[in-house]
Structure formats: C-alpha cells, structure tokens
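Taken together, the values in this text are just the output of simple stated rules run on the coordinates, not laboratory data. Since the structure is predicted, the reported quantities are computational estimates derived from the model, not experimental observations. Cβ: placed from backbone, ideal geometry, glycine included. Neighbour counts: every protein chain shown.
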Amino acid sequence: MLALFDCNSFYCEAERVLRPSLRGVPLVVASNQDGCVVSRSEEAKALGVRMGHPVFELKQLRREAGLVVLSSNFPYYAEISERVFSLLDGFSPIVERASIDEAFANCDGLPGDITHRARRMRQRIIDWVGIPCGVGIASTKTLAKLSTLVSKKAERKPGSYPAHLSQVCNLDTVESAAVSEIMGLTDVSDVWGVGPRLTQQLREAGVATALDLRRLDPAMVRNRWSVVLERTVLELNGVQCLNVEDVPSARKEIACTRSFASPVRSLQILEDAVGDFVQRAAVKLRKQGSVAGQVLVFLRTSPFRSGPRHTPHAAMQTLEATNDSRVLTGLALMGLRMIHRVGYDYMKAGVVLQDLGSESLRQTAFDFDLQDRGSEVMGVVDALNQRYGRGTIGLGARWWIVALCWRTGVHGKIC
C-alpha cells in the first residue's frame with residue numbers, strides 16, 4: 001500500500017505562507033528569469049493562465065483581473081519542502097521524495113485506518129506549515145498518482161469525481177466497478193508517464209481514457225510501444241512494478257546552468273559565473289558521495305535576438321576522478337577560455353559534471369606527492385557554508401555574479 005502526498009500549487013502556496021493577504025487572489029510564480037509561469041493558483045487557472053505561459057502576455061490580466069506575478073525564490077521553496085517532508089517522516093518509516101512538492105510513503109504495516117491517518121497528516125501539514133495537499137492511496141505508484149489527481153479534482157471541480165474522494169482518495173476502499181468508472185472519467189493524458197506524443201498515438205489507437213489503457217494487453221503494449229508503457233498498464237491493473245525508494249539513486253550527471261538578465265560579452269564576468277556554477281554543482285556531487293571524471297562547459301547566444309549566433313561547448317577530462325571544487329573549477333575555466341569568442345552576446349552559460357562514479361571506488365593516479373587532503377578541505381568548506389549560509393566561503397569568485405544571473409535581485413512582485 002502506497003500513499004502519495006502532492007502539495008497543491010506549491011510555489012504559490014509557499015508565497016501565501018509569507019503573505020496571507022494573497023489568499024484568494026489570482027497568483028502565479030515566474031521562472032528564474034521571469035520568463036514564463038511555473039506555478040499557478042486555482043484563481044489564476046480560472047483566468048486561463050497555463051503552465052509555461054509567457055509573463056509578458058499577462059499584462060492585461062494583471063491590469064483587469066488583479067493577477068499577481070511573483071519572481072521565484074527557490075531557496076525558500078526548498079526550506080518549505082523540507083518542513084513538509086520532515087512531517088511525512090513521522091507518517092511512515094519509508095518515504096521517497098519524488099520531487100520538491102510530492103512524496104511517496106510506504107503504508108505497509110502502519111496501524112489503524114490508513115485513510116483516517118492520511119487525513120490527519122494532511123491537516124497537520126496545513127496547520128504546521130500552511131501548505132494544502134492532495135493525498136492518493138493505492139497499491140501501486142501509478143494508481144496512487146491517479147488517486148491524487150482524483151482527490152484534487154474532486155475538491156477543485158465539484159462533480160468531476162465523487163465528492164467523498166476529495167482531499168484524500170483511497171482507491172483500495174472503492175469497489176472495483178467504481179474504480180472502473182473513475183478511470184473512465186480520467187483522460188489518458190492524465191495517467192502518470194503518458195506524455196503529449198504518446199497521448200496522440202494512443203488516441204489514434206482508440207485509447208482515450210485510463211480505463212481503455214488498463215484494458216490493453218501488456219504484451220501487445222510492450223511490442224507496439226515500450227516496456228515503460230507496459231509497466232504503466234500493469235500498475236493500472238494493480239501489479240506493482242515500481243517500489244518506494246527511501247534512498248534516492250545517485251545522479252548520472254549534475255548540471256548547473258543559468259540564463260543572464262542581459263547579454264554578456266565580458267570573459268571576466270563569464271568566468272565568475274562559470275566558477276559559481278561549478279561550486280554549486282560540486283556541492284551536490286559531494287553530497288551524493290560521487291566524483292566526476294569530466295567537466296563540460298557551454299555558452300549560448302539567444303536564438304530570439306538578431307545578430308551572430310554561437311553555441312560552443314568543451315569537455316575537459318580530469319587526470320583522476322574528483323569532487324574537489326578547485327580542480328573542477330580550473331578545468332571549467334580552461335574550457336571556457338577555449339570556447340569564448342569576442343563579439344558575441346552570450347545569454348546563457350552552464351557546466352555539467354559527467355562520468356560520475358562512487359567516491360569510495362575511484363581509482364587514483366600514481367603519485368609520490370604527499371597525501372591529497374582535498375576531501376578534507378572541501379568537507380570543511382561545505383560544513384562552514386552549511387552552518388553560516390551558502391557563499392560564506394568559496395574560491396574567490398565574485399559572489400555578486402548571482403545578481404547578474406537572476407533578473408530580480410530582490411524577491412518580490414514584478415513591476
């Protein structure tokens with residue numbers, strides 16, 4: 001038995017925790033560069049604002065409907081997410097963090113009524129953190145995602161699903177005929193893992209709802225589409241194919257990229273930006289206990305601006321796999337100097353740490369020098385930044401580069 005806790009309009013609700021006056025007001029949160037919408041309140045959805053909606057197209061709604069547009073504040077959202085997950089750790093001993101705003105919890109062996117227990121946890125999250133969420137309970141991850149969809153829509157759009165399934169939907173307590181009816185009301189595009197292209201292919205094959213998808217033969221689905229969709233069909237039929245992973249798997253690549261608020265030509269500014277990106281990525285690398293064997297650095301000019309275009313990249317190999325920010329930064333800057341060209345207006349830069357492996361299994365170079373103490377140094381740096389705040393100590397990069405990469409230096413309403 002699995003329970004999925006999925007926060008409603010997470011970024012918007014997190015902003016309302018800080019500013020209760022925004023409750024009931026149409027609200028959206030914009031992306032890094034205030035380019036498009038990444039979170040919408042229910043009131044904003046009712047106005048027709050869609051995910052990815054360009055912010056510049058919302059001027060009329062802001063004037064006439066009072067739509068509020070806020071710049072994103074991801075460090076704050078991460079803090080709110082940690083508060084929610086800390087409560088969920090008390091709900092079940094096995095919790096998988098699926099994203100910043102949702103988590104699967106293993107309910108096997110939990111005492112009492114699971115539905116009642118989930119309702120109490122949902123109310124506790126609202127009371128202690130201020131974030132509403134939908135809860136879906138089922139025997140598989142795919143069914144739990146479907147249950148969460150039902151719990152949210154039943155509350156948001158009365159009449160779309162049975163009212164008693166709002167807020168918390170436990171499909172295991174629903175009769176099989178009613179489950180089939182619910183799946184018949186659910187569009188196939190709302191099934192977890194079914195994207196736009198696959199939706200079109202399924203519609204052409206006569207599959208329009210989740211119920212139609214569940215009735216397909218798994219072997220046929222595997223031969224015609226993929227093993228991934230076969231697992232989806234099996235999970236819709238109650239066959240568990242995806243387990244809850246309380247320990248997240250290590251990433252195969254770690255990237256840090258940003259778009260600039262205005263065109264950048266200066267190599268010095270680009271070096272500061274890339275140096276900051278490497279340090280951010282290296283922290284994540286050390287956190288998961290990995291080392292990198294290659295650093296990829298790239299630059300991009302805007303495809304939407306007039307003028308010459310340049311999209312170079314360079315992959316720099318390390319002598320031995322490492323997670324030392326000093327080594328990785330040196331390689332990234334070397335690659336940056338190789339690809340930078342004078343006269344181009346660069347709008348984006350980034351680094352990608354590749355060829356990742358376990359730190360405990362890395363092969364070191366044959367060297368007669370004194371024992372490398374890079375891991376100890378980086379450990380001290382991470383501990384200081386953890387205690388006193390990110391950016392307390394670094395490699396001498398100009399930390400004001402963050403203001404260049406983020407269009408709004410002060411979090412708040414876009415003017």
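A few remarks follow.
- Membrane-span-like helices in the chain (whole DSSP H runs, Cα extent of at least 20 Å along the helix axis, mean Kyte-Doolittle hydropathy of at least 0.0): 74-88, 267-287, 325-339.
- Dipole of the chain computed with +1 at Lys/Arg Cβ and -1 at Asp/Glu Cβ about the Cα centre; of ALA292, ILE339, LEU67, farthest Cα towards the positive end is LEU67.
- Gain in span if fully extended, GLU57 to SER99, counting 0.36 nm per residue against the direct Cα distance: 12.3 nm
- Those lysines that a straight Cα-Cα span of less than 22 Å connects to LYS152, excepting residues fewer than 8 apart in one chain: LYS45, LYS141
- Protection-proxy order for peptides 156-164, 133-141, 87-95, 207-215, each taking the mean of Cβ atoms within 10 Å per residue, highest first: 133-141, 207-215, 87-95, 156-164
- 5 angstrom amide H check on ALA321, placed H, neighbours 5+ away: GLN363
- Full extension of the segment from LEU47 to ASN8, taken as 0.36 nm per residue of separation minus the current Cα-Cα distance, would add 12.3 nm.
- Cβ crowding within 10 Å, taken as a proxy for footprinting-reagent exposure, orders ASP113, ASP172 from fewest neighbours to most as ASP113, ASP172.
- For the chain: relative contact order, % (alpha-carbon pairs under 8 angstrom, 6 or more apart): 15
- Relative to the Cα centre, the charge distribution of the chain, modelled as +1 at Lys and Arg Cβ and -1 at Asp and Glu Cβ, gives a dipole magnitude of about 1380 debye.
- Antiparallel bridges, percent of DSSP beta bridges restricted to the chain (to nearest 5): 90
- Label separation (ASP172 vs GLU376): 5.1 nm, computed from points 7 Å beyond Cα along the C-beta direction.
- In a fully extended conformation the segment linking GLU253 and LEU18 would gain 81.2 nm over its present Cα-Cα distance, using 0.36 nm per residue.
- The simple Förster model, with R0 at 56 Å and r as the Cβ-Cβ distance, assigns GLN201 and GLU79 a FRET efficiency of 0.85.
- Centre separation in Å (Cα based) which lies between segment 54-77 and segment 269-290: 30
- Positive-end residue of TRP192, PRO218, ALA177, charge dipole of segment 175-249 with Cβ unit charges: PRO218
- Relative exposure of ASP190, ASP272, judged by other C-beta atoms within 10 Å (fewest first): ASP190, ASP272
- Dipole magnitude for segment 1-104: about 440 debye, using +1 per Lys or Arg Cβ and -1 per Asp or Glu Cβ, origin at the Cα centre.
- Tensor-based shape of segment 175-249 (alpha-carbon gyration tensor, a/c under 1.5 rounded, otherwise prolate or oblate): oblate
- Considering only CYS12, LEU58, GLY24, the residue lying farthest towards the positive end of the dipole of segment 1-104 is LEU58, judged by Cα position with unit charges set on Cβ.
- Residue order for VAL25, VAL150, fewest other beta carbons within 10 angstrom first, comes to VAL25, VAL150.
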